[in-house]
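Working notes for the structure below.
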Amino acid sequence: MKYKLIQKVNPNNREEAPLWYATPITGEAEEADSATRAATANTTTAPIELTAGLVHLTEYAISKLSKGEPVPLGEMGDLRITFRSKGVADINEFNPNTMIYEARLRFVPKRAFRNAIIQQLTFENAGVLADGIDYASLAAYRKAKGLPSGGGEDDGGEEELPFG
């Protein structure tokens, strides 16, 4: 997985010096048609069958989630609704229309699914974003800033770093 280094100020303490953070670089999502063809390759399932299944799953998920019920996604995990709420001292003053906010969909992966992904995950530096300039690599950033090379660190994306 590629990441880019970006310098950010701590929003809780703007007096502290900015720190460098890795930010994931995600690719473009492929079209659903391509995804269903890839997912059904070397199987007896036709891509159109998977597409139909996803349409039905979407309709089912909307129905279940709108009732506050989780949606099981097989070996991947569950999809559920979460939200935040303001508090009140007197229970009679609680108004769900104004006090419940930030409703979100949350995917909760099953342990085996999560581990299958995390155990194989590697990270690759794909550049640095600093002062409005997008440097192609850490080495390019260091060179432009007149900094010494990192001496074996992940300078240009060649080295993959294991996660776990």
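Going by what's in this entry, would ALA29 be described as in contact with a Phe, Trp or Tyr (Cβ under 9 Å, 6 or more places away or on another chain), of a type in the set (Gly, Ala, Ser) and either assigned to a loop (DSSP other than H, G, I, E, B) or open to solvent by less than 90 Å² (accessible area, probe 1.4 Å) (or both)?
no
Which members of segment 64-86 meet the condition of being open to solvent by 60 Å² or more (accessible area, probe 1.4 Å), over 24 Å from ASN115 (Cβ atoms) and free of Cβ contacts under 8 Å to residues at least 12 places away in the same chain?
Result: SER66, LYS67, GLU69.
Kindly provide the set of residues from segment 97-140 that are more than 26 Å from the chain's Cα centre (by Cα), within 12 Å of LEU5 (Cβ to Cβ) and either open to solvent by 60 Å² or more (accessible area, probe 1.4 Å) or of a type in the set (Ser, Thr, Tyr) (or both), ordered by number.
Hits for segment 97-140: nothing passes.
Out of segment 32-51, which residues are among the polar types (S, T, N, Q), surrounded by 11 or more Cβ atoms within 10 Å (Cβ to Cβ) and in a loop (DSSP other than H, G, I, E, B)?
Within segment 32-51, just THR45 meets the criteria.
Could you tell me whether segment 90-104 includes any residue that is closer than 30 Å to TRP20 by Cα and not acidic (Asp, Glu)?
yes
Restricting attention to segment 100-114, does a residue exist that is at negative phi, in contact with a Gly (Cβ under 6 Å, 6 or more places away or on another chain) and in a loop (DSSP other than H, G, I, E, B)?
yes
Name the residue that is nearest to the chain's Cα centre (by Cα), counting only residues in segment 79-93 that are among the polar types (S, T, N, Q) and over 10 Å from ARG104 (Cα atoms).
SER85
May I ask you to list the residues in segment 1-22 that are of a type outside the set (A, V, I, L, M) and open to solvent by 70 Å² or more (accessible area, probe 1.4 Å)?
LYS2, GLN7, LYS8, PRO11, ASN12, ARG14, GLU15, GLU16, TRP20, TYR21
The values are calculated or read from the model by the stated rules, or taken from the named source; none is laboratory data. Remember, it's a predicted structure, so these values are computed and weren't measured experimentally. Neighbour counts run over all protein chains shown; Cβ positions are idealised from the backbone, glycine included. Side chains are part of the model used for accessible areas, which takes the heavy atoms of the whole protein and leaves out ligands, DNA and RNA. Shrake-Rupley method; radii C 1.70, N 1.55, O 1.52, S 1.80 Å.
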